[in-house]
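Since the structure comes first, as structure tokens, the remarks are kept for the end.
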Amino acid sequence: MLNQFSRTELAFGPEGIEAMKRSTVAVLGIGGVGSIAAEALARTGVGRIILIDKDVVDITNINRQIHALTTTVGQPKADLMRDRIKLINPECDVISLRMFYTEETYEQLFEYPLDYVLDASDTISYKVHVIMQCLERNIPIISSMGAANKIDPTKFTVTDISKTHTDPVARVVRQKLRREGIRKGVKVVFSSEEPKKPRVDVTQRIVPENAPEIRKAQQPPASNAFVPPVAGLIMVGVAVQDLLKKNGIEI
């Protein structure tokens with residue numbers, strides 16, 4: 001009988017669909033990159049998806065985040081994504097961890113047996129932390145570098161962190177990992193596009209009055225609907241292929 005994964009089964013085979021059902025994948029950061037990644041995991045039939053994000057939808061998220069609508073402004077991103085995934089696949093075990101990943105909270109994530117981690121967070125120090133934790137625990141991870149201030153989605157590449165260039169986020173991540181003795185062995189998706197400079201100052205218009213002072217002092221990065229989601233989809237493509245190979249399935 002046909003189901004929502006019948007077309008995927010044509011590519012993966014029945015054994016591939018079963019492998020997806022048995023898999024647990026975490027998505028760290030449910031924003032422009034992470035929200036579409038979480039949705040793609042759901043539409044691929046992943047059996048358990050763990051969502052980590054404490055943020056709520058802001059009006060400026062609507063231009064790129066799949067859960068962001070005029071009707072969802074102010075609602076928790078992780079919970080919105082959980083509910084959306086359940087509409088796609090009611091059998092999926094979706095765990096919403098409404099928290100920021102930090103050195104104080106990270107153990108809540110690793111309480112679960114993880115088959116893969118997709119890092120779509122935007123705080124560099126914690127990107128490095130989750131990478132190191134996954135390496136120590138032998139958990140496969142792919143990390144998204146910078147997706148803001150870019151307009152060409154064809155510039156994304158999957159490579160080792162040691163081979164990245166141009167991207168300011170990747171440069172800082174490389175430096176911080178080197179200080180920890182890690183020079184290679186981390187899979188990332190990064191863009192070779194030179195970051196664009198914002199054309200207008202919108203700080204006062206889009207940063208809420210009750211925002212932390214550090215956010216009020218910063219110019220928000222430019223974003224759009226067609227660059228961050230591509231990074232998220234690439235990460236899912238890599239993770240799914242790795243999971244299939246882990247289960248002995250060649251496609």
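Quick notes
So that you can scan it fast, the table gives a plain yes or no per residue for (1) touching a residue at least 60 places away in the same chain (Cβ under 8 Å); (2) among the β-branched types (V, I, T):
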| residue | (1), (2) |
| --- | --- |
| C92 | no, no |
| D115 | yes, no |
| A120 | yes, no |
| K127 | no, no |
| Q133 | no, no |
| I142 | yes, yes |
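- Evaluating R84 against the criteria (1) in a helix (DSSP H, G or I); (2) within 23 Å of I141 (Cβ to Cβ) leaves one unmet condition, (2).
- D79 being surrounded by 15 or more Cβ atoms within 10 Å (Cβ to Cβ) and free of Cβ contacts under 8 Å to residues at least 24 places away in the same chain: yes
- Unmet requirement for V130, which otherwise passes all of (1) in a loop (DSSP other than H, G, I, E, B); (2) of a type outside the set (G, A, S); (3) within 17 Å of V33 (Cα to Cα): (1)
- If you go through segment 123-159 and pick out every residue that is under 15 Å from V189 (Cα atoms), out of contact with any strand residue (DSSP E or B) (no Cβ under 6 Å at 6 or more places or on another chain) and of a type in the set (S, T, N, Q), you end up with 3.
- Pair list, Cβ under 6 Å, 6 or more apart: segment 232-251 residue in contact (Cβ under 8 Å) with a residue 24 or more places away in the chain, other residue in a helix (DSSP H, G or I) and among the charged types (D, E, K, R): I249/E15
- Of the helices (runs of 4 or more DSSP H) lying entirely inside segment 155-251, those containing at least 1 residues that are at pLDDT below 95 and either acidic (D, E) or surrounded by 12 or more Cβ atoms within 10 Å (Cβ to Cβ) (or both) are 203-206, 213-216.
- Subset of segment 100-113 that is assigned to a loop (DSSP other than H, G, I, E, B) and either of a type in the set (S, T, Y) or within 15 Å of the chain's Cα centre (by Cα) (or both) - its residue that is farthest from V56 (Cα to Cα): Y112
- Flag for L114 being farther than 18 Å from G31 by Cβ, among the aliphatic types (A, V, I, L, M) and crowded, with 19+ Cβ neighbours inside 10 Å: yes
- Sole residue being of a type in the set (V, I, T), surrounded by fewer than 23 Cβ atoms within 10 Å (Cβ to Cβ) and closer than 20 Å to G232 by Cβ, chosen from V25, V46, V33, V56: V56
- The number of residues in segment 82-106 that are farther than 16 Å from T24 by Cα and not basic (K, R) comes to 11.
- Exactly one residue among I66, I49 is outside any helix (DSSP H, G or I), touching an Asp or Glu at 6+ places or on another chain (Cβ under 7 Å), among the hydrophobic types (A, V, I, L, M, F, W, C) and modelled with pLDDT of 95 or more, and that residue is I66.
- If only residues of segment 59-80 that are in contact with a strand residue (DSSP E or B) (Cβ under 7 Å, 6 or more places away or on another chain) and among the charged types (D, E, K, R) are counted, the one that is farthest from A148 (Cα to Cα) is D79.
- On the stretch given as segment 1-46, residues that are in a loop (DSSP other than H, G, I, E, B) and basic (K, R) total 1.
The values are calculated or read from the model by the stated rules, or taken from the named source; none is laboratory data. Only a predicted model underlies this, so the values are computations on that prediction, with no experimental measurement involved. Note that we place each Cβ from the backbone using ideal geometry, even for glycine, and neighbour counts take in every protein chain shown.
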